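Asker: Structure in structure tokens, see below.
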Amino acid sequence: MITIAIAGKPNSGKSTFFKAATLADVEIASYPFTTISPNVGVAYVRVKCPCKDKEIQQEIGRECGNCVDGFRFVPVELLDVAGLVRGAHEGRGLGNEFLDELRQAEAIIHVVDASGGTDADGNAAEIGSHDPLEDVLFFQHELNEWVKGILSRNRRKIERKAKLEGMKLSRLVSEQLAGVGVTEEQVKAAILGSRVRDKPDMNSWDEDDMKDLASQIIKKSKKMIIAANKADIAPEANVIKLKELELKRESKKEEEAAVVIPSSAEAELALRTAAKHEFIKYLPGDTDFEIAHPAEAELTEKQRAGLEKLRKLIHAYNGTGTGVQAIINRVVFDLLDYVVAYPVEDEHKYSDASGRILPDAFLLKNGSTARDLAFAVHSDIGESFLYAIDARTKRRLGEKYALRNNDIIKVVYSSRK
């Protein structure tokens, strides 16, 4: 399962974001270090279920039963890590634990208090008194210093092995950063994009070279999105300032630069809690909701006013609802470049052996093959893969066929042991 970390300074709303996305029972409080041990929960990406396609509807005549109102929710793992404070790379606060927990994540959702209502250390402050852009820069600085520190501590070891064993620099650097979740390919890309590109001898690197390489390694290895949280109470200038980071990204066409989505984790949590208690009909990612019958008659005027306030809020988010679901989807499909594939056993009925229509949905990296899907279903099926069939076209596919988003695939394999 994909693992996504939720990170940020204390009191930025990251635990609220986590609870809103997972409905897990976590402690939320307005003081630093509420989260000490990482919270782990399951969230979902939201996609339109193929059972709503006209061609499939004509063949099966009904929805699959595994979707809700035509939408499929595919699980991903969320990791709510300890709050990050200045000097974390030197062990301040819970810095060591924070950085250690980040290594297992494929991507990071950086939750920023867009309202400016918390100071640099996460203490409550007057709305608008703190510049949220400083939190973005400080977060990047701590991650860069984390990697730079590892390289600096192991510099002599890398140099010695390079001379004695003649190993490539990218291999040696990636070995030292393996525990951080960095691959050799990512190190190669980072070297090519950094100041050390034409300096194959690490002995010639100065402090700025080390900083630049560390920055490039973080950009290449840790996909990040900024959740401009508390946007509903934030001064407009703060949200504009954060969104300008994305405008710079678009103008420079830098894939690793900032992606920023305004959000209100508190509003999402309120909506999902109301839906859980059947006061409203709401799915994560919706841009509106209905008050459920007969709950409408039971609502107090105060509750009714609160729901209408939430309705106005999600209408103002330019089609992204509260932003929470939009952020999760953006991470999985845009930053990490995954696709959804649906394995079936009967390509004519789009079902498994028990007749369940589109029983499973798998997230796989874009470029994954039919055989990769077979392995995702079960290692034995992957090992005995023969060929696949596109359920829509009934066309036979080879093991190297590259999966497309929303593919429905039958895997044919040998039953011999």
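Asker: Let me confirm something: among Tyr31, Tyr44, which residue is of a type outside the set (Lys, Arg), closer than 26 Å to Gly285 by Cβ and either at pLDDT 90 or above or exposed (fewer than 14 other Cβ atoms within 10 Å of the Cβ) (or both)?
Answerer: Exactly one residue qualifies, and that residue is Tyr44.
Asker: Say we look at the range 291-303 and pick out the residues that are surrounded by 10 or more Cβ atoms within 10 Å (Cβ to Cβ) and modelled with pLDDT of 85 or more; which of these is farthest from Glu278 (Cα to Cα)?
Answerer: Gln303
Asker: Suppose the filter is surrounded by fewer than 19 Cβ atoms within 10 Å (Cβ to Cβ) and under 28 Å from Ala274 (Cα atoms); does Ala316 pass it? Working first, answer last.
Answerer: On the way: surrounded by fewer than 19 Cβ atoms within 10 Å (Cβ to Cβ): yes; under 28 Å from Ala274 (Cα atoms): yes.
Yes.
Asker: Ala402: within 30 Å of Met224 (Cβ to Cβ), buried (at least 20 other Cβ atoms within 10 Å of the Cβ) and outside the structural domain of Pro50 (by TED's automatic domain parsing), yes or no?
Answerer: Answer is no for this residue.
Asker: Checking Ala258 against (1) in the same structural domain as Arg46 (by TED's automatic domain parsing); (2) modelled with pLDDT of 90 or more; (3) in a loop (DSSP other than H, G, I, E, B); (4) of a type outside the set (Asp, Glu), which test does it fail?
Answerer: Only one criterion in (1) in the same structural domain as Arg46 (by TED's automatic domain parsing); (2) modelled with pLDDT of 90 or more; (3) in a loop (DSSP other than H, G, I, E, B); (4) of a type outside the set (Asp, Glu) is unmet by Ala258, namely (2).
Asker: From Asp208, Asp135, which residue is surrounded by fewer than 16 Cβ atoms within 10 Å (Cβ to Cβ) and either not in a helix (DSSP H, G or I) or not assigned by TED's automatic domain parsing to the domain that holds Ile233 (or both)?
Answerer: Asp208
Asker: Same structure, new question: Filter the range 49-58 for residues that are exposed (fewer than 15 other Cβ atoms within 10 Å of the Cβ) and touching a residue at least 60 places away in the same chain (Cβ under 8 Å) and give the result.
Answerer: Glu55 - this is the single residue of the range 49-58 that is exposed (fewer than 15 other Cβ atoms within 10 Å of the Cβ) and touching a residue at least 60 places away in the same chain (Cβ under 8 Å).
Asker: Tell me, which residue of the range 59-81 that is modelled with pLDDT of 80 or more and either on the phi > 0 side of the Ramachandran plot or part of a loop (DSSP other than H, G, I, E, B) (or both) is surrounded by the most Cβ atoms within 10 Å (Cβ to Cβ)?
Answerer: Among residues in the range 59-81 that are modelled with pLDDT of 80 or more and either on the phi > 0 side of the Ramachandran plot or part of a loop (DSSP other than H, G, I, E, B) (or both), the one surrounded by the most Cβ atoms within 10 Å (Cβ to Cβ) is Val81.
Asker: Right, another one. I'm trying to understand the selection: among the residues of the range 111-133, which are polar (S, T, N, Q) and without any contact (Cβ under 8 Å) to a residue 40 or more places away in the chain?
Answerer: Ser129
Asker: With respect to Val196, determine if the residue is part of a helix (DSSP H, G or I) and either outside the structural domain of Leu84 (by TED's automatic domain parsing) or among the hydrophobic types (A, V, I, L, M, F, W, C) (or both). Outline the logic, then answer.
Answerer: Working: part of a helix (DSSP H, G or I): yes; either outside the structural domain of Leu84 (by TED's automatic domain parsing) or among the hydrophobic types (A, V, I, L, M, F, W, C) (or both): yes.
Here the answer is yes, as Val196 does meet what is asked.
Asker: As an exercise: evaluate Leu84 against (1) in a loop (DSSP other than H, G, I, E, B); (2) buried (at least 21 other Cβ atoms within 10 Å of the Cβ); (3) of a type outside the set (Gly, Ala, Ser); (4) at pLDDT 90 or above and give the number of the one condition it does not meet.
Answerer: Leu84 satisfies every listed condition except (4).
The values are calculated or read from the model by the stated rules, or taken from the named source; none is laboratory data. Just so it is clear, the model here is predicted, and its values are computed rather than measured. Backbone-built Cβ (ideal geometry, glycine too); neighbour counts: all protein chains shown.
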